[in-house]
Amino acid sequence: MDHATALALLDWQIELGATEAIGDAPVNRFESVEPMRKPKTPDLTPEPPAAADPVAEARALAENATSLEALKAALSSYQHCDLRKGARNLVFADGTAGARVMVIGEAPGRDEDQQGRPFVGRAGQLLDAMFAAIDMGRDRPEPDKALYITNILPWRPPQNRDPEPAEIAMMLPFVTRHVELAAPDILILMGNHACQALLGRKGITRLRGNWTEALGRPTLPMFHPAYLLRNPAAKREAWADLLALQHRLREG
Ligand code: URA
């Protein structure tokens with residue numbers, strides 16, 4: 001560039017408002033300009049909620065309950081088990097709290113769902129008759145003669161289908177706390193599903209009549225009364241189991 005051109009360019013820059021020479025080398029301002037950045041604003045998007053763990057939530061609710069009434073309220077506030085949507089009533093328990101014997105069945109059927117009490121249909125009537133034969137019953141006030149009755153599932157499964165493993169897993173913390181709070185001396189597990197849930201074993205024909213332990217308590221598996229209605233010949237074994245229970249209670 002010749003002297004005259006350089007001078008003309010300088011004049012032009014002065015005309016544009018340049019007042020100072022700040023460097024020997026030209027700076028391409030278009031290249032050095034950073035892209036416009038949006039001002040930083042705090043991110044107010046809520047954190048996605050931690051994925052709910054239905055079993056952990058059941059455990060927390062159940063462990064916080066310090067009475068049977070509180071446990072029933074905790075169970076009725078529990079939203080993760082879809083069975084509740086199809087059920088008319090929560091079936092929590094029946095009989096005498098403080099009984100030495102706690103009976104645990106499978107799940108409510110139609111009659112239980114309607115009345116909100118366990119074992120009130122045909123199987124329940126047989127259960128009452130069986131225990132009456134050894135002078136025990138859900139309405140008896142004496143702890144030695146009384147029964148406290150519940151189920152693994154507190155809501156009726158649709159069409160009385162079998163409980164699913166996920167449903168049992170969700171309800172197990174409640175059943176465990178139920179047993180702790182009712183504090184019976186002996187548990188009776190009625191049928192395969194109660195055995196599966198609390199002993200981790202099925203095969204009631206082999207299990208029945210053999211004392212074992214569940215949740216730290218002496219436990220006797222028995223044929224479910226609904227099975228006895230279909231297989232009356234098995235009442236013989238059920239009678240032997242009732243006598244074994246009576247004997248154990250008399251031992252102290
Ligand atoms: N069968 C059960 O296991 N429980 C009930 O409450 C009724 C029928």
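List of remarks:
- Condition met for residue 131 (hydrophobic (A, V, I, L, M, F, W, C) and more than 25 Å from the chain's Cα centre (by Cα)): yes
- Note on the stretch 182-252: enclosed helices (runs of 4 or more DSSP H) holding 2 or more residues that are more than 23 Å from the chain's Cα centre (by Cα) are 204-207, 225-230, 235-251.
- Only residues that are away from the ligand (no atom under 16 Å from the Cβ) and assigned to a loop (DSSP other than H, G, I, E, B) were counted across the stretch 64-97, and they come to 10.
- Residues that are surrounded by 21 or more Cβ atoms within 10 Å (Cβ to Cβ) and either under 24 Å from residue 67 (Cα atoms) or without any contact (Cβ under 8 Å) to a residue 60 or more places away in the chain (or both), drawn from the stretch 180-191: 184, 187, 188, 189
- Residue ID - surrounded by the fewest Cβ atoms within 10 Å (Cβ to Cβ), chosen from residues in the stretch 45-63 that are modelled with pLDDT of 95 or more and either charged (D, E, K, R) or not in a helix (DSSP H, G or I) (or both): 53
- With respect to the conditions (1) within 20 Å of residue 183 (Cβ to Cβ); (2) within 13 Å of the ligand (Cβ to nearest atom); (3) surrounded by fewer than 23 Cβ atoms within 10 Å (Cβ to Cβ), residue 103 falls short on a single one, namely (3).
- Where a residue in the stretch 52-79 is touching a residue at least 12 places away in the same chain (Cβ under 8 Å) and closer than 13 Å to residue 167 by Cα and its partner, wherever it lies, is among the small types (Gly, Ala, Ser) and assigned to a helix (DSSP H, G or I), with Cβ under 7 Å and at least six apart: 55/169; 78/58
- All positions within the stretch 148-174 that are buried (at least 24 other Cβ atoms within 10 Å of the Cβ) and either assigned to a helix (DSSP H, G or I) or away from the ligand (no atom under 14 Å from the Cβ) (or both): 171, 174
The values are calculated or read from the model by the stated rules, or taken from the named source; none is laboratory data. Fair warning: this is a prediction, and the values are worked out from it, not measured in the lab. Using ideal geometry, Cβ is built from the backbone for each residue, glycine included, and neighbour counts are taken over all protein chains shown.
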